[in-house]
Structures are given as C-alpha cells and as structure tokens.
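Trainee: What follows is a structure written as structure tokens; I'll ask about it next.
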Amino acid sequence: MKDYSIFSDEEILGMINAGDNQAMDYLFRRYKPLVEKKSHSYFISGGGRDDLMQEGMIGLFKAIRDFEAEKNIAFFPFADLCITRQIITAVKRSARKKHGPLNNYISLNKPAFEEEESDEDLLDYVPSNRIEDPEDLIIGQEELLRIKEELLSKLSELEKQVLHLHLSGINYKEVAEILDRPVKSVDNALQRIKKKTEEVVNAL
C-alpha cells in the first residue's frame, strides 16, 4: 500500500485528480484534525458539534474540488479558508433561522435520491393531477411544505445527514467518507428517504 504521508498536499491532489480514491481518503484523514479544531471555535443554534464537523468536511471537499495548482498557492491556506467559510456560513444560516435548525434544512427543489447525476427531487413525487391549473399550483405549494415537515419528522439522524450532504452536491463516496460510513450504508439511507417521501406524498 502506498505511503501517502511522504507526499505533499499538492502531490496528493495530483493523485486525486488522476483518479486515486485512496489519496482522497488520506487527504480527508490528514485534514480532519484541522476541521475538528475549527468546529470547536463556533457554536450553532439548533445543532451540535457533529453538525459543524460535517460542515467543515464539506468545506474541505470543496477545497479539494476547487483547488487550482496553476495559481501557485499552497493548498493548506486555501483549505483553511474553505473550511472556515463553510462553517461560518452554516452558523449564520442557523442564527438567522431562515431555514430552521441545521438538521432540519433541506430543499425541495434540488437533486436528491438515486444516482448522483439524477435531476429527481421531491416535486417529482407530487401527483401531476394536483398541479394542472394555477389554483392547484398554490395548493401544491402548501402540500410541499407539509411534505417537507412530515418527511423530516420521519427521517433518522443519519438519513437527515445523508440527505443534507447529498443535496449539497456531494456524491455517494464523499458522503460516506465525511460521515465515516460504508458507501452501501449511504445508498441504503437514500433509498429509505425516497421510500419515506413516496409514503408521505401518497398519504396526503
């Protein structure tokens, strides 16, 4: 097995860009202490330390995704900035309570479920005969709010975390890495979320 500890961040990023998944796993482990340190510097209303860790890992993922070596900057300060920004954004969002507590935040209009390339969302589960005219469209929006509230009440903490990360545009493997869960566990959680969504819609 390759000893990634002898390589610089930038060298590991090159391996990641070449498709080395183990290099990605290693970089997540290397930066986890930094994410933990950052998460202990903030408090989030309606959430806990795990929520901030999750946000920090999302920030790290974005740093890995967006880093451009040709700009001749080191990865560490870029990752530090991305992690901090992601955590602060989550804290501000929670403080404003624009979308409620962090663990209750989902969007009905972003891709969810099935393959990561899917454009499927909760709107797809609302029967089309309910939104055929303007009056029904208004009623449909009210139904969507009820669907959201009812669905959240039925999801486990793991399912909420998986859905939040997946709706953030992170694929199965990265979600599994961030949550330290097997990919199969993430896939199963998404399938349960889809089934629960269908059940909630059909019960209306």
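Trainee: Is at least one residue of region 63-82 surrounded by 14 or more Cβ atoms within 10 Å (Cβ to Cβ), at pLDDT 90 or above, in the same structural domain as M1 (by TED's automatic domain parsing) and under 24 Å from E157 (Cβ atoms)?
Mentor: no
Trainee: Go through (1) at pLDDT 90 or above; (2) crowded, with 20+ Cβ neighbours inside 10 Å for R30 and report which single condition fails.
Mentor: R30 satisfies all of (1) at pLDDT 90 or above; (2) crowded, with 20+ Cβ neighbours inside 10 Å except (2).
Trainee: Can you list the helices (runs of 4 or more DSSP H) found entirely within region 108-204 that contain at least 1 residues being farther than 29 Å from D50 by Cβ, modelled with pLDDT under 85 and not small (G, A, S)?
Mentor: Answer list for region 108-204: 134-154, 183-203.
Trainee: If you take the residues of region 37-55 that are closer than 17 Å to L81 by Cβ and surrounded by fewer than 15 Cβ atoms within 10 Å (Cβ to Cβ), which of them is modelled with the lowest pLDDT?
Mentor: S41
Trainee: Pull up region 14-73, narrow it to residues that are in a helix (DSSP H, G or I) and of a type in the set (V, I, T), then point me to the one that is farthest from Y4 (Cα to Cα). Walk me through it before giving the result.
Mentor: Quick first cut of region 14-73, residues in a helix (DSSP H, G or I) only: 14-17, 21-39, 49-66, 69-71.
With the extra rule that they be of a type in the set (V, I, T), the set shrinks to 16, 35, 58, 64.
Working: I16: 12, V35: 20, I58: 22, I64: 16 Å.
Ranking the qualifying residues of region 14-73, first place goes to I58.
The values are calculated or read from the model by the stated rules, or taken from the named source; none is laboratory data. Predicted, not measured: the structure shown is a model, and the values here were computed from it. Positions of Cβ are backbone-derived with ideal geometry, glycine not excepted, and every protein chain shown enters the neighbour counts.
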